[in-house]
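Below is one structure; the comments refer to it alone.
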Amino acid sequence: MLVVADSHNCRLALWRLRDGTVWKHLGSQGTPLGQFTGPLAVAVTGSGALVVTDQHRVQVLTVDGAVLCVLDASVVVGVGRLGEALLCGVAVCPGTNEILVTDCHNHRVVALTCTSDLSALVDARVWGSRGNQLGQLNGPDGIVVTAAGAVWVAETGNHRASLMH
């Protein structure tokens, strides 16, 4: 299965890899749980849950569209709330319940640790600050975690990919 965030249509597209066809769409435009205002990225957990960055919140869904958890403006992270962020990229750390999202507006990575069933937030912390030195970010967008746990962040402002952790 391949999952694509379709920002323009405010939904996710789930594709079958064997024949390259769309299996189903999840979500529609709106702010209620399970709907999107503009999903920017999606990652799939080891258990098959979908983690979606949707502007100022993160939604965790099953492939059937059931909402497991929403992390939104009520979550305080570092010096601000998620609602004051523009959450762009998302990655899930292999073998853990940690979700990493890039915050384009605040030039940081937000690490969200959830319960084992991904239904609630346990801890939140941030990495990075604005700048062009090592450990600093400028417009972080994409993020990926390797099997060995290395975290790479693509930055539009610094025109580079940075090894963050």
Limited to segment 127-165, what total is found for residues that are over 18 Å from CYS93 (Cβ atoms) and of a type outside the set (A, V, I, L, M)?
-> 16
List, please: which pairs have Cβ atoms under 8 Å, are six or more places apart or on different chains, and start with a residue in segment 106-131 that is farther than 21 Å from GLN55 by Cβ and end with one that is in a loop (DSSP other than H, G, I, E, B) and among the hydroxyl-bearing types (Ser, Thr, Tyr)?
-> THR113/THR96; VAL122/THR115
Within segment 1-38, work out how many residues are of a type in the set (Val, Ile, Thr), exposed (fewer than 13 other Cβ atoms within 10 Å of the Cβ) and under 18 Å from LEU68 (Cα atoms).
-> 1
Hey, LEU2 modelled with pLDDT under 95, hydrophobic (A, V, I, L, M, F, W, C), within 15 Å of the chain's Cα centre (by Cα) and over 19 Å from ASP117 (Cα atoms) or not | no
Lone unmet requirement of (1) at pLDDT 95 or above; (2) basic (Lys, Arg); (3) closer than 21 Å to ALA124 by Cβ for ARG57 = (1)
Candidate set from segment 93-103 (those that are of a type outside the set (D, E, K, R) and buried (at least 22 other Cβ atoms within 10 Å of the Cβ)); member that is farthest from GLY131 (Cα to Cα) | ILE99
Say whether the condition of being closer than 19 Å to CYS10 by Cβ, of a type in the set (A, V, I, L, M, F, W, C), under 15 Å from the mean Cα position of the chain (by Cα) and not in a strand (DSSP E or B) is met by at least one residue in segment 86-102.
-> yes
Would you mind listing the strands (runs of 3 or more DSSP E) fully within segment 107-150 where at least 3 residues are crowded, with 18+ Cβ neighbours inside 10 Å?
-> 108-114, 140-145
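The values are calculated or read from the model by the stated rules, or taken from the named source; none is laboratory data. Only a predicted model underlies this, so the values are computations on that prediction, with no experimental measurement involved. Virtual Cβ from ideal backbone geometry, glycine too; neighbours counted across all protein chains shown.
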